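Written out below as structure tokens is the structure these notes cover.
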Amino acid sequence: MKIYQTATAPNPRRVRMFLAEKGLLDNVEFIEVDIAKGENLTPEFVAMNPMKKVPVAVLDDGTSLAETMAICRYVEEAHPDTPKLLGESPKQKALIEQWLRWVDFYLMVPVGMCFQHTSGYFKDRMNCFPDYGQDCFSAAEKFLAFLNDHLKDKTYITGDSFSAADINAFATVGFARVVKLRIGADQVHLQAWFDRMNQRASAKV
């Protein structure tokens, strides 16, 4: 499998961490895409992913898979003997899916929109609305407070078991630093979880 990525972007990092946790990182060829230069806008890339986003996985049969969790779900199903990161029981699977959605909708999207609308990074290809970006910053801030409360009696997001929900939240909290959003001094439960995550080998990929 080949994965087209921008290494500094959060979604490719989520996929790399997922692969690392499953012991499959060395099985994949990574190809760097310079999104600042618009390499994701070329006809060749658009043929793989019409949405023009990274990451994109290209399977051995030539099939292209876009979207972070689509790639991770493929890996999970294709390698059932590696650690289960998307749950085993119906309840586990549902809880992980719930948190994957919450992290995406209430943290990743606001952080991403804040970055896009306040940094000017993509001003050559989109209209930027800084006020909207600031609203998104506030929304992400509120979710961090919510996550801190949730983690007060939990080792990981869904309880005692590490999962893809932790990977997604960790990569997004890390990415939030680009908009100067950091874990608050009073958010001790969130900080303790982040420190636990940061000690995992996958956090270094």
Identify, from the list 69, 1, the residue that is at pLDDT 95 or above and more than 19 Å from the chain's Cα centre (by Cα).
1
Being part of a loop (DSSP other than H, G, I, E, B), touching a residue at least 12 places away in the same chain (Cβ under 8 Å), open to solvent by less than 40 Å² (accessible area, probe 1.4 Å) and within 24 Å of residue 190 (Cα to Cα): is that true of residue 107 here?
no
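Results for (1) in contact (Cβ under 8 Å) with a residue 24 or more places away in the chain; (2) among the polar types (S, T, N, Q); (3) on the phi > 0 side of the Ramachandran plot, shown as yes or no for each residue.
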| position | (1), (2), (3) |
| --- | --- |
| 11 | yes, yes, no |
| 14 | yes, no, no |
| 17 | yes, no, no |
| 23 | yes, no, yes |
| 26 | no, no, no |
| 34 | yes, no, no |
| 50 | no, no, no |
Counted residues in region 164-205 being open to solvent by less than 10 Å² (accessible area, probe 1.4 Å) and part of a loop (DSSP other than H, G, I, E, B) come to 1
Identify the residue in region 127-154 that is open to solvent by 50 Å² or more (accessible area, probe 1.4 Å) and in a loop (DSSP other than H, G, I, E, B) and, among all such residues, is farthest from residue 195 (Cα to Cα).
127
Within region 2-20, can you find the residues that are among the charged types (D, E, K, R) and buried (at least 24 other Cβ atoms within 10 Å of the Cβ)?
13, 14
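Within region 29-38, which residues are within 18 Å of residue 120 (Cα to Cα) and surrounded by 13 or more Cβ atoms within 10 Å (Cβ to Cβ)?
Passing the criteria: 35, 38.
Could you tell me whether any residue of region 139-158 is over 25 Å from residue 113 (Cα atoms) and under 15 Å from the mean Cα position of the chain (by Cα)? Walk me through it before giving the result.
So in region 139-158, the residues over 25 Å from residue 113 (Cα atoms) come out as 151-156, 158.
Then drop every residue that is not under 15 Å from the mean Cα position of the chain (by Cα), which leaves none.
Looking for residues that are over 25 Å from residue 113 (Cα atoms) and under 15 Å from the mean Cα position of the chain (by Cα), one finds none in region 139-158, hence no.
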Would you tally the residues in region 79-93 being assigned to a helix (DSSP H, G or I), without any contact (Cβ under 8 Å) to a residue 24 or more places away in the chain and surrounded by 12 or more Cβ atoms within 10 Å (Cβ to Cβ)?
1
Examine region 53-67 for a residue that is open to solvent by less than 80 Å² (accessible area, probe 1.4 Å), more than 24 Å from residue 123 (Cβ to Cβ), among the hydroxyl-bearing types (Ser, Thr, Tyr) and in contact (Cβ under 8 Å) with a residue 40 or more places away in the chain, and state whether such a residue exists.
no
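The values are calculated or read from the model by the stated rules, or taken from the named source; none is laboratory data. All values derive from a computational prediction rather than experimental measurement. So basically every Cβ, Gly included, is an ideal-geometry build from the backbone, and we count neighbours across all protein chains shown. With ligands, DNA and RNA removed, areas are computed over all heavy atoms of the protein, side chains included. Shrake-Rupley method; radii C 1.70, N 1.55, O 1.52, S 1.80 Å.
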